[in-house]
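Following: one structure in structure tokens, then a few remarks.
The values are calculated or read from the model by the stated rules, or taken from the named source; none is laboratory data. Computed from a predicted model, the values in this text were never measured in an experiment. With ideal geometry, Cβ positions are generated from the backbone for all residues, glycine too; neighbour counts draw on all protein chains shown. The protein model used for the area step is the full one, side chains on, heavy atoms only, and it has no ligands, DNA or RNA in it. Shrake-Rupley method; radii C 1.70, N 1.55, O 1.52, S 1.80 Å.
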Amino acid sequence: MTSDKRAEPIRAVKGTRDLLPPETSSWQKVEDEARSVFHAYNFREVRTPIIERTELFARSVGADTDIVTKEMYTFEDRDHESLTLRPEATASVVRASIEHGLLNEGGAHKLYYMGPMFRRERPQKGRYRQFYQIGAEVLGSDHPAIDAEVLEMLLLFLERVGLRSFTLLLNSVGDSKCRPEYVKALRRALESVKSTMCPDCQRRAETNPLRVLDCKVEADQPIIAKLPSILDHLCPECRQHFDRVLAELKQRGIPYEITPRLVRGLDYYTRTTFEITSGALGAQNALLGGGRYDGLSEMIGGPPAPGIGFSIGEDRLVLAVEEAARGKEASTPGSNDAALAAYVAWLGDAALGPASELARQLRREGLSVEIGYEPTKLKKSMGIASKLGARFAIIIGDGELASGRYQVKDMTAGQQEEVEPARIASYLKNRSQDSAIQHYETVTPDLDP
Ligand code: AMP
């Protein structure tokens with residue numbers, strides 16, 4: 001179509017992003033590593049729909065939370081049902097577990113997920129309207145060792161992706177027995193100070209005082225710091241549970257920082273809550289968050305089923321991993337994407353068929369291979385191979401066709417050898433092993449206690 005005037009380009013929606021190569025390689029790496037670590041702890045994957053009934057989040061996340069009041073993408077479907085793009089996945093995982101009877105089977109169910117979530121927040125670095133979470137949930141056990149095991153798994157995962165500097169913040173938010181008493185104490189304390197706080201806090205002081213502790217307004221922070229601490233109001237059972245979690249963490253050598261204001265922005269949490277922050281992230285420093293939600297199943301019509309889980313912000317994780325890899329000699333997670341094993345260069349029409357046959361064979365062997373289909377001079381082909389970062393170039397011209405041996409050029413060392421086509425795959429594999437690209441370095445986590 002020809003036209004003098006180009007149509008106005010259509011851009012991505014505000015707060016959403018296109019993830020492009022080579023960055024997508026970092027995403028694949030963290031996802032692969034998550035699958036491998038979660039598998040080692042016997043978690044299996046669950047995939048739930050991106051849209052759910054609005055009521056699911058209103059009942060579980062909580063009608064007075066920021067997420068539900070301000071941030072959800074909610075719309076009326078054509079049959080007038082209210083639907084919402086999921087702002088988080090724990091409620092969906094529990095809903096699915098109830099719907100498919102998993103919770104009636106007894107024992108602990110360990111599930112993990114990864115995928116996009118949607119919240120209409122003010123976009124900035126590390127905060128998007130479509131963002132990605134990798135999370136895991138254990139349903140059916142309230143044993144404190146499970147809490148510690150989940151944290152142990154998380155730290156192993158962070159170690160595997162190369163993160164070394166982060167802090168584990170830990171708290172207990174009590175349960176349905178002791179929290180109401182604490183909320184009363186909080187409401188009383190807020191009586192005298194709420195008029196000096198932000199409008200949201202003034203409202204929350206009436207409707208849901210616990211949410212005051214989530215407030216991010218700078219001027220409110222000194223007031224919040226003086227409010228009563230939930231840790232002074234835990235019932236004996238919750239206290240004992242928390243102490244046992246701390247003992248289990250100590251036994252595993254996992255350092256933590258107790259943070260009594262950490263209540264997390266969702267209503268369903270009970271007992272253990274935690275967050276991991278990373279200095280590499282700047283303002284949006286929360287890398288992941290999680291905790292116990294022992295009453296969540298009942299809230300959405302299921303049987304009693306205690307649970308604990310976490311959700312890692314994948315966008316932030318990738319930022320932190322790339323930050324950690326920067327400045328290090330080791331290859332960055334993204335660099336594996338560039339590990340093209342070979343570029344096949346053919347000279348003369350007769351070589352095209354054998355060249356594409358060779359590319360097909362090598363690709364079936366799992367090697368990453370590129371071939372150009374436009375006739376190209378040798379020098380230019382070598383330029384392309386080098387630009388693509390190919391480890392080897394394979395040259396096939398009339399001479400090679402006649403001798404039945406192709407030229408295999410090591411693009412780093414510069415030397416060249418003649419190899420029979422059938423042997424090229426193993427030749428490339430053996431030679432690349434010498435300079436195998438390292439995946440993440442295994443490091444000991446350097447947690448600030
Ligand atoms: P939450 O579900 O609110 O507990 O959040 C868990 C994690 O998801 C946070 O620690 C962040 O890393 C990430 N996260 C939450 N909201 C956003 C957002 N709008 N953009 C990017 N990451 C987010």
Query raised in the report: By average Cβ neighbour count within 10 Å, what is the ranking of 273-285, 375-387 from highest down?
Result: 273-285, 375-387
Report summary line: Given backbone amide H placed at 1.01 Å from N, residues whose amide H is under 5 Å from that of E45, ignoring those fewer than 5 places away on the same chain, are Y112
Query raised in the report: Under a point spin-label approximation (7 Å from Cα along Cα-to-Cβ), what is the E365-K377 distance to one decimal in nm?
Result: 3.2
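Can you figure out the FRET efficiency of N104 with E45, using R₀ = 22 Å and their beta-carbon distance, to the nearest 0.05?
The calculated FRET efficiency here is 0.55.
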Report summary line: Given a Förster distance of 51 Å, the FRET efficiency implied by the Cβ-Cβ spacing of E81 and S403, rounded to the nearest 0.05, works out to 0.10
Report task. Starting from the amide H of S172, placed 1.01 Å from N in the peptide plane, find each other amide H under 5 Å away whose residue is 5 or more places distant or on another chain. Result -> T273
Query raised in the report: Is the stretch 1-52 rounded, prolate or oblate when judged by the Cα gyration tensor, a ≥ b ≥ c being the square roots of its eigenvalues, rounded requiring a/c under 1.5 and prolate requiring a/b larger than b/c?
Result: prolate
Query raised in the report: Do you know the relative contact order of the chain, to the nearest whole percent, from alpha carbon pairs under 8 angstrom that are 6+ apart?
Result: 18
Query raised in the report: Under a straight-distance cross-link criterion of Cα-Cα below 26 Å, which lysines are reachable from K125, leaving out those fewer than 8 residues away in the same chain?
Result: K14, K29, K70, K216, K328
Report summary line: If R0 = 25 Å, then A12 and R127, at their Cβ-Cβ distance, give a FRET efficiency to the nearest 0.05 of 0.95
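Going by a ≥ b ≥ c, the root eigenvalues of the Cα gyration tensor, does the stretch 1-111 fall in the rounded group (a/c under 1.5), the prolate group (a/b larger than b/c) or the oblate group?
oblate
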Query - Three-way shape call for the chain based on the alpha-carbon gyration tensor, with the a/c threshold at 1.5 - result: prolate
Query raised in the report: For labels at R261 and H143 in the simple 7 Å Cα→Cβ model, what's the distance in nm?
Result: 3.6
Query - Carbon/sulfur fraction of accessible area - the chain, other protein chains in place, 1.4 Å, % - result: 50
Query raised in the report: Stretch Y73-E191 to full length: gain in nm at 0.36 nm per residue minus the Cα-Cα span?
Result: 39.1 nm
Query - Per-peptide average of other Cβ atoms within 10 Å, ordering 135-148, 103-116 highest first - result: 135-148, 103-116
Query raised in the report: In what sequence, highest mean first, do 14-23, 213-222 appear when ranked by Cβ atoms within 10 angstrom?
Result: 213-222, 14-23
Query raised in the report: Share of antiparallel DSSP beta bridges in the chain, in percent to the nearest 5?
Result: 80
Query raised in the report: S25 versus K250, label points 7 Å from Cα toward the beta carbon: distance in nm?
Result: 4.6
Query raised in the report: What residues have an amide H closer than 5 Å to that of G307, excluding those fewer than 5 places away on the same chain, when H is modeled at 1.01 Å from N in the peptide plane?
Result: G140, Y293, D294
